[in-house]
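These notes are about the structure you will find just below.
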Amino acid sequence: MSQLFSTVSLGELTLDNRIVIAPMCQYSAEAGSATAWHRIHLGQLSFSGAGLMIIEATAVEDIGRISPGDLGLWNDDNEAALKTVLEDVRRYSSIPIGIQLGHAGRKASCAVPWEGGKQIAQDAGGWQTIAPSDLSYSADEFKPVAMSRDDLARVTQAFVDSALRAVRLGFQLIEVHAAHGYLLHQFLSPLSNQRSDEYGGSLENRMRFPLEVFKAVRDAVPASVPVGVRISATDWVEGGWEIKQSIAFSRELEALQCAYIHVSSGGLSEDQKIDVGPNYQVPFARDIREQVSIPVIAVGLITEPQQAEDLLQQGEADLVALARGILYDPRWPWHAAAALDGKVQVPPQYLRSEPHDVKGILTQDQ
């Protein structure tokens with residue numbers, strides 16, 4: 001039997017297969033609120049047959065947005081807009097849906113990628129960014145303000161408040177974003193965290209704030225809602241965050257009842273040097289999986305069904321996540337089911353699309 005199409009549990013949530021749609025920023029919200037784009041985008045992906053769909057990095061406060069177009073969940077308007085999108089998606093699809101909550105920190109206040117992605121000055125519609133230390137991502141960006149104790153408390157509460165909104169909306173899973181050079185990753189890495197208090201310096205101190213945020217979220221939401229964490233396993237820069245520290249962080253998260261670790265890499269420094277190729281991040285997932293007992297999700301140029309099946313069979317991860325690949329081919333799980341003799345659930349309107357030579361791969365969504 002295909003491992004990719006076997007069931008797996010993340011906390012109390014059981015998935016029909018091990019294909020995860022990773023969070024992918026769409027930069028198409030208005031003042032943090034979901035739009036018709038999200039209805040169309042999430043709607044098509046909800047018919048993919050994946051075991052889990054995690055929607056894009058969602059800011060817990062307005063200054064935590066990467067761009068003015070980022071999705072947010074910090075106020076009633078954001079919640080109401082997302083509610084209508086989810087209601088439409090759920091009317092026709094039973095795919096489990098999670099949400100990634102995050103804060104961009106010093107990487108906030110940027111133009112959307114198709115408009116260059118450069119940081120926007122405050123007098124041009126941008127805003128003052130915050131970070132562990134007053135160190136900018138690059139020399140041509142303005143400095144963030146080093147976070148005070150009050151800032152730490154406010155941001156922690158913002159994560160909790162957004163998580164509670166997510167629970168009200170019926171999200172079945174919450175992912176805390178501690179990867180890709182955003183705020184929680186900025187606390188973890190010695191390249192961006194040069195604080196002299198108990199939140200900087202040693203590994204224990206640099207992990208303190210991300211662990212506090214995770215624990216606050218985990219304590220605030222029902223036990224039935226799994227809370228996982230996405231991490232960057234390495235900065236790909238000498239002297240930065242690396243795999244041994246990621247293992248230590250993952251162990252601490254496991255002790256706090258983290259449901260899973262979603263393993264990516266990079267994003268913290270413009271000096272990163274990444275040798276990109278198929279499965280290029282999978283070894284990090286494998287190394288972490290060997291040291292924790294909770295599920296580990298691998299991501300990174302996993303593009304072929306047999307490739308995904310092999311890494312699961314070899315014990316390198318428990319689930320695989322697709323991002324750009326599933327944007328390019330939103331029916332990737334269907335094609336994987338055909339290749340690996342699996343089954344996926346689809347709306348009854350689509351059952352007759354099944355090719356004659358692969359009968360039985362499409363089953364009706366309940």
State the number of residues belonging to segment 271-307 that are over 21 Å from the mean Cα position of the chain (by Cα), under 22 Å from G11 (Cβ atoms) and among the polar types (S, T, N, Q).
1
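Table: residues versus (1) among the hydrophobic types (A, V, I, L, M, F, W, C); (2) assigned to a loop (DSSP other than H, G, I, E, B); (3) closer than 13 Å to L188 by Cα.
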site	(1), (2), (3)
W236	yes, yes, no
G240	no, yes, yes
S246	no, no, yes
G267	no, yes, yes
P278	no, yes, no
Under 8 Å between Cβ atoms, which residue pairs at least 6 apart in sequence (or on different chains) link something in segment 328-351 that is aromatic (F, W, Y) with a partner that is open to solvent by less than 50 Å² (accessible area, probe 1.4 Å) and assigned to a strand (DSSP E or B)?
W332/I19; W332/L322; W334/V344; W334/V346; W334/L362; Y350/L362
For the list (1) closer than 18 Å to S9 by Cα; (2) among the aliphatic types (A, V, I, L, M); (3) touching a helix residue (DSSP H, G or I) at 6+ places or on another chain (Cβ under 8 Å), I need the number of the one condition that L312 fails.
(3)
Within segment 135-185, of all residues that are of a type in the set (G, A, S) and open to solvent by less than 30 Å² (accessible area, probe 1.4 Å), the one farthest from the chain's Cα centre (by Cα) is S138
Meets criteria (in contact (Cβ under 8 Å) with a residue 24 or more places away in the chain, surrounded by fewer than 18 Cβ atoms within 10 Å (Cβ to Cβ), more than 16 Å from A22 (Cα to Cα) and polar (S, T, N, Q)) for Q291
yes
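Name every residue in segment 125-155 that is of a type in the set (G, A, S) and outside any strand (DSSP E or B), in order of residue number. Even if it seems obvious, please write down each step before you answer.
Quick first cut of segment 125-155, residues of a type in the set (G, A, S) only: 125-126, 131, 133, 136, 138-139, 146, 148, 153.
Result: G125, G126, S133, S136, S138, A139, S148, A153.
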Within segment 43-50, identify whether any single residue is surrounded by fewer than 22 Cβ atoms within 10 Å (Cβ to Cβ) and closer than 20 Å to R165 by Cα, and answer yes or no.
no
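Yes/no per residue for (1) surrounded by fewer than 20 Cβ atoms within 10 Å (Cβ to Cβ); (2) modelled with pLDDT under 95; (3) in a strand (DSSP E or B):
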site	(1), (2), (3)
P283	yes, no, no
I302	no, no, no
A308	no, no, no
E316	no, no, no
A321	no, no, yes
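Quick check on segment 323-365: of everything there that is of a type in the set (D, E) and more than 28 Å from the chain's Cα centre (by Cα), which residue is surrounded by the fewest Cβ atoms within 10 Å (Cβ to Cβ)? Can you show your working first?
Step one: of segment 323-365, the residues of a type in the set (D, E) are 329, 341, 354, 357, 365.
Now restrict to residues that are more than 28 Å from the chain's Cα centre (by Cα): 341, 354, 357.
On the way: D341: 12, E354: 16, D357: 6.
This residue is D357.
Being assigned to a helix (DSSP H, G or I) and open to solvent by less than 30 Å² (accessible area, probe 1.4 Å) is the filter here, so list the residues in segment 186-204 that pass it. Step through it out loud before you land on a result.
First, the residues of segment 186-204 that are assigned to a helix (DSSP H, G or I): 186-188, 203-204.
Passing the criteria: Q186, F187, L188.
The values are calculated or read from the model by the stated rules, or taken from the named source; none is laboratory data. This one's a predicted model, so the numbers in the text were calculated from it and none came from an experiment. All Cβ positions, even for glycine, are placed from backbone atoms using ideal geometry, and neighbour counts span all protein chains on display. In case anyone asks, the SASA skips ligands and DNA or RNA and just uses the protein heavy atoms, side chains included. Shrake-Rupley method; radii C 1.70, N 1.55, O 1.52, S 1.80 Å.
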